[in-house]
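The numbers here are math on the coordinates, done by the rules we state, and not lab data. This one's a predicted model, so the numbers in the text were calculated from it and none came from an experiment. All Cβ positions, glycine included, derive from the backbone under ideal geometry; neighbour counts span all protein chains shown.
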Amino acid sequence: MSEDLLGSGAASEAGAHDERTRRLEKVEALRAAGIDPYPVRFDRTTDAGALRARFGHLEPGTETDEEVAIAGRVLLLRRQGRLSFATIRDGSGAIQLFVSEGEIGAERHTEFDGFDLGDWIGVEGTVMTTRKGELSIKVRGFRLLAKALRPLPDKWHGLSDTDTRFRQRYVDLVVNEDARRVFAVRFAVLAAIREYLAGRGFVEVETPVLHDQAGGAAARPFLTHHNALDMDLVLRIALELHLKRLIVAGFDRVFEIGRVFRNEGLSTRHNPEFTMLELYEAFVDYGEMMTLTEELVAHCARTATGSTVVDLDGAPLELAPPWRRLTLRDAIREHAGVDVHPSMPVADVRALCDRLDVPYEASWGSGKLMLEIYEKTTEHRVRGPVFILDYPREVSPLARVHRDDPLLTERFEVIIGGRELANAFSELNDPIDQRERFEAQAGLAAAGDEEAHGVDEDYLRAMEYGLPPTGGLGIGVDRLVMLLAGVSSIREVILFPQLRPESPSGGADGDGGA
């Protein structure tokens, strides 16, 4: 009989193999007795969360006549004389089972005690509380719903290997309370985004994942091939260009929460496929996007955690509006102690880079060098939340030229904890200017820049039909969840993150952890 939470059968691979063999023998014995260890369905009437919400107020030692049918995975099973106590968990939470030999008989009691930790079972019974006040189901009937052949990890150690946790997320979510908490935050954030935007008249849309050319961001794409059309395609690196086509089509407010793919390395902040929120609103500029961003993030925080205060590196951080606004130029002045602007001669900006030990390429102009100085000396020092404003035109091919400075654009990034959370523009809607910038990017691509892209003729055609003044925003959903859940690795917030191939021995081939 299993006796403790999350069992004792996984101390070693040999022990796990022996336990699996024992459980397979149980399956054979059940089938020989005419019992299906994997039945087709179970008609439950409630779940653990609903029971706690309805009956959580019951006084200790209370028995009710409320008949329920509930199903879940066995996490604890212990016997005390003529009584057994079990804990099962479903998708809404856990609840205790109270099994009395006087209620179900000695034979059925012994059969119940034959369950293993990890088995899925269905039970019928009445709602009660024990003398200690534990809400329980007094079991009158039960059946096996799915026999678990592998033992759950030991309760004291769980899945101690990080790579195994991510590779076997289906086990991690069973045994790791914090993993369930993190994903509860993620699910709440996604719902909160949709609620907030729908309440402001935004329409959720879906745009293609397969593109004939990459665009909307500076990133290296994944390549694929369409056999029927005999053409090469790429997985999208951004949602932007198709969403702005919809603004051309007359949709005033659109958004998409979509998977995006970038052929880059793995790190605590990067996964090759990740989730982006992008939204576009006609007739506004990046000023309205700032207001929307700070309000949306605060709404997500309140919905997912109950507060706009989060823990960042061991200290509280307030996310409620308003957030600080700081130009890129002033941020560099504040943290690096130098003044730099795209109007400066390239040689002068290179001299600043040399002084600050910032590496650079010979082909970069003053605007690109300015951004490199910021990223190497300043960004990681910005705790935030802060809007860093007005990026060089050279590094912002889709943003509108700044109304007060033609060498800058009306663009901002949100920085929290030294990292980018969001990127937004007053969108470039001049098709002539856009073509020139695309052609400049195509020149970089031809020179070997794998993150630069060519001229999107169809997007330019759409723009020539008229793109009204528009504000656009992109937020990395995974990074937002990391912030609100208080975790430091993006793999903690993606259910099935990308990992190195598993070696034949069962471990990762190389360092697959975060």
Option label - volume of the Cα convex hull per residue in Å³ computed here, alternatives [x] 168; [y] 221; [z] 201: [z]
Global geometry of segment 236-321, whether rounded, prolate or oblate, following the gyration tensor of its Cα atoms and the 1.5 cut on a/c: oblate
Going through segment 338-395, which GluC sites (Glu not before Pro) have at most 12 other Cβ atoms within 10 Å and a DSSP loop state? 361
If you stretched the chain out fully between residue 355 and residue 20, how much longer would it get, using 0.36 nm times the residue separation minus the C-alpha to C-alpha distance? 114.2 nm
FRET efficiency estimate (nearest 0.05) - Cβ-Cβ, residue 66 to residue 335, R0 60 angstrom: 0.45
By the Cα gyration tensor axes a ≥ b ≥ c (a/c under 1.5 gives rounded; else a/b larger than b/c gives prolate, otherwise oblate), the shape of segment 13-156 is prolate
For the chain, what are the DSSP H helices with axial Cα length of 20 Å or more and mean Kyte-Doolittle hydropathy of at least -1.0? 177-198, 286-305, 431-446
Can you order the peptides 210-217, 274-281, 318-325 by their average number of other Cβ atoms within 10 Å per residue, highest first? 274-281, 210-217, 318-325
Given contacts defined as C-alpha pairs under 8 Å and at least six residues apart, what's the relative contact order of segment 182-302, whole-number percent? 24 percent
Restricting to lysine pairs 8 or more places apart or on different chains, what number in the chain have Cα atoms under 30 Å apart? 9
Amide H proximity to residue 400 below 5 Å, modelled H, separation 5+ or other chain, gives 410, 426, 427, 428
Per-residue HN-Hα couplings for segment 270-275 [Karplus 6.51, -1.76, 1.60; θ = phi - 60°; Hz; x = Gly/Pro]: 10, 10, x, 10, 8, 10
For residue 154, other-chain or 5+-apart residues with amide H closer than 5 Å (H placed, Pro excluded) are 10
Please tell me the relative contact order of segment 258-401 in percent, rounded to the nearest whole number, where contacts are Cα pairs under 8 Å and at least six residues apart. 19 percent
Can you tell me the order of 344-352, 33-41 when each peptide is scored by its average per-residue count of other Cβ atoms within 10 angstrom, highest first? 344-352, 33-41
